[in-house]
Amino acid sequence: MKIPDETHPITIEPVPGTVRVIFEGHGIADSDDVFVLREANYPPVYYFPRDSVQMAFLRRTDKVTHCPYKGDASYFTIYRDRQIIDNAAWSYEDPYAAVGPIAARIAFYPEHVEFQLDDRSPAETEAMDVDEVVRHTDSGSGASQAEHWPANVDMPDPDKTERDLGAPLKDVGAI
């Protein structure tokens, strides 16, 4: 067992609002009690309470994997509308104490399902708000492009200008 630390951080937080899982156009999970686990450089993972998942469409498989930070994971295959996706969901039934809040919750691989946050469509959920990603940019004028952030300089320095390097690959034998 490994304990999360600054070299391999793991955080678990409640997701504000409601999260739905859509499979082939059908909701198979829906809850306002979802945790998001963020681990090191991996994509975030949503963990749903089992009673918020339509377990009638999931069947436990024989697959079990081990994570040194979380413990043993059990897997589920999705069966819905003649679609079968093997090992598309998983659960840590008895995880290590450091990740205890995800115990017995179900997570889904995002390549097999769509996630919907609140009333946004799955496409709207996936679309990122530029202001959320880019918190502060400077167009070169010294003025911030985001109103709620102060400019990082008063005025551009006229003594620091980019030099003209000429045409790309100039005088290197390129045609």
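The values are calculated or read from the model by the stated rules, or taken from the named source; none is laboratory data. Here the structure is a predicted model, which means the values were calculated and not measured. With ideal geometry, Cβ positions are generated from the backbone for all residues, glycine too; neighbour counts draw on all protein chains shown. Calculation scope for accessible area: heavy atoms of the full protein, side chains included, ligands and nucleic acids excluded. Shrake-Rupley method; radii C 1.70, N 1.55, O 1.52, S 1.80 Å.
For every residue, the table says whether it meets (1) open to solvent by 30 Å² or more (accessible area, probe 1.4 Å); (2) modelled with pLDDT of 95 or more.
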| position | (1), (2) |
| --- | --- |
| GLY71 | no, yes |
| GLU111 | yes, yes |
| ASP119 | yes, no |
| VAL133 | yes, no |
| ALA146 | no, no |
| TRP149 | yes, no |
| VAL153 | yes, no |
- State whether the residues of segment 46-55 include one that is among the small types (Gly, Ala, Ser), under 17 Å from GLN116 (Cα atoms) and in a strand (DSSP E or B). no
- Could you please let me know if VAL36 is among the β-branched types (Val, Ile, Thr) and touching a Pro at 6+ places or on another chain (Cβ under 6 Å)? yes
- Residue that is least open to solvent (accessible area, probe 1.4 Å), among those in segment 9-31 that are within 14 Å of ILE106 (Cα to Cα) and free of Cβ contacts under 8 Å to residues at least 60 places away in the same chain: SER31
